[in-house]
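Structure, as structure tokens:
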Amino acid sequence: MSSDEYQITSEIHQEINRDSTEKPSLATENVVSRFPFKYALNIESSECGTNCGVMMDEDGDLIVCRKPVLMQKEGIIAIEHSYSTTLDLVGRQIWRGALLLGDFLLHYGSSLLQDHTVLELGSGVGFTSIVAAMFASEVICTDIDVGGILELIRANAARNYKLLKANFTVLGLDFYAHGWCPNVEAKLTNVTVVLVADVIYDNDVTEAFVNTLQRILRTPPDKTVYIALEKR
């Protein structure tokens, strides 16, 4: 058996909650996993907000400036994915880096992504882009167009459409390509945030990714990059 034929399974597939009632839409051998989430909503509980000075009421008593009340929003992200694949199709699985970056965005997305256009590279099944789309104004979700990965991303976006606040676009982007499609080139001029999760697993892929990121960062406007990876 060649190395390309070995089946690889993400270790987190043993840890996640698979939904037996929600069926895959693209392939019967796929599975659907559920990811419950919670994140805090900041609700101002006083007229003075968070940056007030000393204030008195009409009787001369001190007005206490209270901290924001933290309220929580919760829900479930359902993701269709492969249980195991060959190395060239590992993007069809869920990996820990995507969960870590998604958790980071749930905590800080309201401040980091609001009114921003977000580009994700190597999006895989689209988990992180779906979380980003809960906060951003636009999300461009990209990956190489092989093995039905782009179709899988679109299916997962449709499955979680009620969570999506942002305009959500899925486009092919190959790290090895010398040129990109006009749609990708046009979108880059609006991108201000770049997300990357678990694309560092092979020397050749890593070099191609770094070259791709350099090209993107040379395109105005200035961009902030968030990268999550698992040490291997």
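The values are calculated or read from the model by the stated rules, or taken from the named source; none is laboratory data. Computed from a predicted structure; not experimentally measured. Here the Cβ positions follow ideal geometry from the backbone for every residue, glycine too, while neighbour counts run over all protein chains shown.
Going by the structure shown, is V131 hydrophobic (A, V, I, L, M, F, W, C), part of a helix (DSSP H, G or I) and in contact with a Gly (Cβ under 8 Å, 6 or more places away or on another chain)? Yes: the conditions hold for V131. Filtered by the rule that a residue be assigned to a loop (DSSP other than H, G, I, E, B) and either closer than 23 Å to F209 by Cα or among the polar types (S, T, N, Q) (or both), region 134-168 gives S137, I144, D145, V146, G147, G148, N160. The number of residues in region 184-204 being in a helix (DSSP H, G or I) and within 20 Å of the chain's Cα centre (by Cα) comes to 3. Which one is farthest from G102 (Cα to Cα), of the residues in region 177-207 that are touching an Asp or Glu at 6+ places or on another chain (Cβ under 9 Å) and at pLDDT below 95? Restricting to residues being touching an Asp or Glu at 6+ places or on another chain (Cβ under 9 Å) and at pLDDT below 95, the top hit is G179.
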